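Notes for the one structure printed next.
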Amino acid sequence: MNTQEVANKVVELTRKQAWKEALDTLYSKDIVSVESQAMGGGSPESRGIEAVQGKTDWWVNNMQVHRAKVSGPFVAHDRFVVQYDIDVTDKNSNKRMQMSEVGVYTVKDGKIVREEFLPQTGKEK
C-alpha cells in the first residue's frame, strides 16, 4: 500500500475503533510510537509492535469511549496526519474528559514505522 492507502485505512479503522485490526495490518513490527506524556510513569516512547499493542490494550481496558470524531487524512510524501477528537471516561476514576490531538504518521514499505501524538493544549484568543 502507498501512503494514501495506509492513511485512508487508518481513518476507516479508527472510526470503527478497530485498534487491533489497525495494528495487525498497518504497523511495522519495528514501530516507534511517541505520546505527548508518559502513561503510568513510563516513557512517552514505545518501541516495537508488542509495546504498542500493550499501550493500546491499556487504552481499551481503561477508557470508555463515548464519541470519537476522526478527521483526515492529510497526506504528503511518506507522512500523513489524522485529527482525533475524543470524549472518554476513565474507568478507574470515573472522570469524563474531552481530548483533541493529531497523530502524525510515517510510512515506509507500506507500513506505519512511526506515529507521534500531539495534543491540543490551548486555544488562542
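Rule-based calculations on the coordinates, nothing more; no lab input. Note that this is a predicted model, so its numbers are computed, not measured. Here the Cβ positions follow ideal geometry from the backbone for every residue, glycine too, while neighbour counts run over all protein chains shown.
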Most packed first (mean Cβ within 10 Å per residue), the peptides 22-35, 67-80, 90-103 order as 22-35, 67-80, 90-103
Pop a pseudo-label 7 angstrom from the Cα along the beta-carbon direction at both T89 and D24 and give the gap in nm to one decimal.
-> 2.9
Using alpha-carbon pairs under 8 Å, 6+ residues apart, how would you state the relative contact order of the range 3-119 in percent?
-> 28
HN-Hα couplings for the range 101-109 via Karplus (6.51, -1.76, 1.60; θ = phi - 60°), in whole Hz with x for Gly/Pro, come out as 8, 10, x, 9, 10, 10, 10, 9, 6
Could you tell me which label, among [x] 8.5; [y] 7.6; [z] 8.0, carries the value of mean projected area of the Cα convex hull in nm² calculated for this structure?
-> [z]
